[in-house]
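Since the structure comes first, as structure tokens, the remarks are kept for the end.
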Amino acid sequence: LRVHWIPWLDDWLVTKCMSFVGLGRTSMESDILVIGVGRFGKNHVRTLVELGFGDRLIVCDSDDSQLVDWRAKGLSCVNNYRTALENDSVKIALVVTPAKTHFKIASEALELGKDVFVEKPLCLSEHEGLELQNLERKKGSILMVTQSICVSISIDLISVYLHIAHRDRGATQHCFRLDIS
């Protein structure tokens, strides 16, 4: 699965990586669509605004109450992500919605040729992941997903092994923090 993994240090780093406007593939005039501004989405929006992308940002959530504060701050807000995705100026879509919607929204964005960043998990099945991979290749887009960073050399070694051993098939790594004292 050719997915571009970004170390998840915090929401600032991931959003900063995305703020390079599609990893140099699109112009600085491209709009960035953030779909879903609940728990994690609001952090992406806040960071993009702090990085100076507020004027290129379109904030989308089906729950209008989530958009009230962003409208008050002068950001462009919409309720329908499909309409926003059809906008030719939107080249990047951040999917920060409930996990069960990731595949549907990401595939719609990829089908329209957008570069897509998906909050973890990418999707809920291997089959969906392979479909997204095929869409990415077919459309020449970039598909990115977050990855939690685990502070352990053994986890890093396992990550390297999984990346090398499963380069063409995709692999999932799970990490649980059991004690943060």
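Within segment 83-106, track down each residue that is open to solvent by 60 Å² or more (accessible area, probe 1.4 Å) and farther than 18 Å from Lys139 by Cα. Scanning segment 83-106 gives Thr83, Pro98, Lys100. Please specify each residue of segment 107-136 satisfying the condition of being part of a loop (DSSP other than H, G, I, E, B), hydrophobic (A, V, I, L, M, F, W, C), farther than 19 Å from Asp88 by Cβ and open to solvent by 50 Å² or more (accessible area, probe 1.4 Å). Leu124 - this is the single residue of segment 107-136 that is part of a loop (DSSP other than H, G, I, E, B), hydrophobic (A, V, I, L, M, F, W, C), farther than 19 Å from Asp88 by Cβ and open to solvent by 50 Å² or more (accessible area, probe 1.4 Å). Only residues that are touching a residue at least 12 places away in the same chain (Cβ under 8 Å) and part of a loop (DSSP other than H, G, I, E, B) were counted in segment 75-96, giving 7.
Within segment 29-59, can you find the residues that are open to solvent by 30 Å² or more (accessible area, probe 1.4 Å) and assigned to a helix (DSSP H, G or I)?
Correct list: Lys42, Asn43, Arg46, Val49, Glu50, Asp55, Arg56.
The values are calculated or read from the model by the stated rules, or taken from the named source; none is laboratory data. On a predicted model such as this, the values are computed, not experimentally measured, just so you know. Every residue, glycine among them, receives a Cβ derived from its backbone with ideal geometry; neighbour counts consider all protein chains shown. The protein model used for the area step is the full one, side chains on, heavy atoms only, and it has no ligands, DNA or RNA in it. Shrake-Rupley method; radii C 1.70, N 1.55, O 1.52, S 1.80 Å.
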